[in-house]
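Undergrad: Please see the structure below; I have some questions.
The values are calculated or read from the model by the stated rules, or taken from the named source; none is laboratory data. Keep in mind the model is a prediction, meaning the values are calculated, not measured. Positions of Cβ are generated from backbone atoms using ideal geometry, with glycine treated the same way; all protein chains shown enter the neighbour counts.
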Amino acid sequence: MTVFICCFLTWTLMFLFLGSIGFVLREGVHQLQRLHQIPCADCEFFTNDYRLKCTVRPCVACTEDAIGCTDFEPKTCFANSCQQHCSRVHKAYTAKPITNSAVPPLATRIGS
Ligand code: SF4
């Protein structure tokens, strides 16, 4: 009879242990899916700066409250959080000369 009780308790503990592992895994996957719904990383107003994450809703940015944000705008390459990417992709834009050749340089009389 003692052997039967020990086996029963052992299997009960095993089922409880495996059940709790399954529960934790399911909750973790659910939480990860929820966090991946936060749209801020793909938003035009996201600054990628920890001091001011969003210029429109700074208190809500990167939290679960931002899911379904009505101010979401898809990010363009001119977004603040995308400047390095923009300079790599649009080299022709960044390589534009900043001086105007139509305007003659100022005549300086330094040293004469
Ligand atoms: S406007 Fe909304 S979606 Fe965009 S960064 Fe701010 S909180 Fe996130």
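Undergrad: With the requirement that a residue be surrounded by 13 or more Cβ atoms within 10 Å (Cβ to Cβ), at pLDDT below 65 and hydroxyl-bearing (Ser, Thr, Tyr), what does the stretch 55-99 give you?
TA: Once the filter is applied, which keeps residues that are surrounded by 13 or more Cβ atoms within 10 Å (Cβ to Cβ), at pLDDT below 65 and hydroxyl-bearing (Ser, Thr, Tyr), the stretch 55-99 yields only 87.
Undergrad: If I go through the stretch 49-71 residue by residue, how many of them are near the ligand (Cβ under 10 Å from one of its atoms) and not in a helix (DSSP H, G or I)? Explain how you work it out, then say what you get.
TA: Taking the stretch 49-71 first, the residues near the ligand (Cβ under 10 Å from one of its atoms) are 53-63, 65-71.
Then keep just the ones that are not in a helix (DSSP H, G or I); that gives 53-63, 67-71.
Result for the stretch 49-71: 16.
Undergrad: Just checking, how many residues over the stretch 24-48 are assigned to a helix (DSSP H, G or I) and either among the hydrophobic types (A, V, I, L, M, F, W, C) or surrounded by 13 or more Cβ atoms within 10 Å (Cβ to Cβ) (or both)?
TA: The qualifying residues number 8.
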